[in-house]
Amino acid sequence: METHDLDSLIRVIRLEGGRVTSAKRAVLTVLLESSDHRTAEEIGQRVRQLAPEVSQSTTYRILDELVSIGLAQHTHLGRSAAVFHLVGRPHCHLVCTICDRSVDIGPDAFEHLIAEARRSAGFIVDAHHLAVSGVCAECQLVVGHHASNHGTTATDTTGSKSQRGAS
């Protein structure tokens, strides 16, 4: 996995002609300290702990800039808001439809799907934006759901019944 430090990220911003502000440093610091993917709102909350003067709209603008120059990526995982992370090794996401947990997995796990999409549809899959929904192993144990039960009713962790179908 590619490693980052604040100085190398700042160097890239400057090489791309960007200004390095205290707000940008705060957003980069939050992304560097994050071991997982965070929503823009979560990033903004943490940024305001470091730099209270930085507004949420400034955080959004900085995240957009980081994405546009290739330092960060955003991904839509299931029903949740887009999440952001620094660019690193290519990976896909497995998203549990019960607990919303996301697990990173290498694109090799989807090699056949990616190859078939290209062969049959001429479609090039962007593995960074690939999210596959299903039920994680832990939730399968908790709710008695099995991976082959697509379209069946499962009890979620609150005890209520929910209809889960293949989507």
Inset, instruction - Within 10 Å of each residue's Cβ, count the other Cβ atoms and sort LEU77, LEU50 from fewest upward. - result: LEU50, LEU77
Legend entry - Loop-resident sites, segment 18-73, for trypsin sites (Lys or Arg not before Pro), counting at most 16 other Cβ within 10 Å (DSSP): ARG19
Inset, instruction - Please turn the phi angles of segment 46-56 into ³J(HN,Hα) values with the Karplus equation 6.51 cos²θ - 1.76 cosθ + 1.60 (θ = phi - 60°), one per residue in order, whole Hz, x for glycine and proline. - result: 5, 4, 5, 5, 7, 9, x, 6, 7, 7, 5
Legend entry - In order through segment 117-123: 3J(HN,Hα) via Karplus (6.51 cos²θ - 1.76 cosθ + 1.60), integer Hz, x for Gly, Pro: 4, 6, 5, 8, 10, x, 9
Legend entry - Check: segment 6-86 dipole with +1 on Lys, Arg Cβ and -1 on Asp, Glu Cβ, in debye: 120 debye
Inset, instruction - Grab the eigenvalues of the alpha-carbon gyration tensor for segment 6-86, scale each by 5, take roots, and send me the semi-axes largest first in whole angstrom. - result: 19, 15, 11
Inset, instruction - Enumerate by residue number the GluC sites (Glu not before Pro) in segment 36-121 meeting two conditions: DSSP loop (anything except H, G, I, E, B), and at most 14 other Cβ atoms within 10 Å of the site's Cβ. - result: GLU53
Legend entry - Distance (nanometres) between label positions extended 7 Å along Cα→Cβ at PHE123 and GLN56: 3.3 nm
Legend entry - Charge context of ILE10, other residues only, Cβ under 10 angstrom, K/R +1, D/E -1: +2
Inset, instruction - Pop the C-beta distance of HIS112 and ILE10 into the FRET formula with R0 = 41 Å and round what comes out to the nearest 0.05. - result: 0.55
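Computed from the coordinates by the stated procedures, all read-outs in this text should not be read as laboratory data. Every value quoted in this text rests on a predicted model; they were computed, and no experiment measured them. Ideal geometry is used to build each Cβ from the backbone, glycine not excepted, and the neighbour counts take in all protein chains shown.
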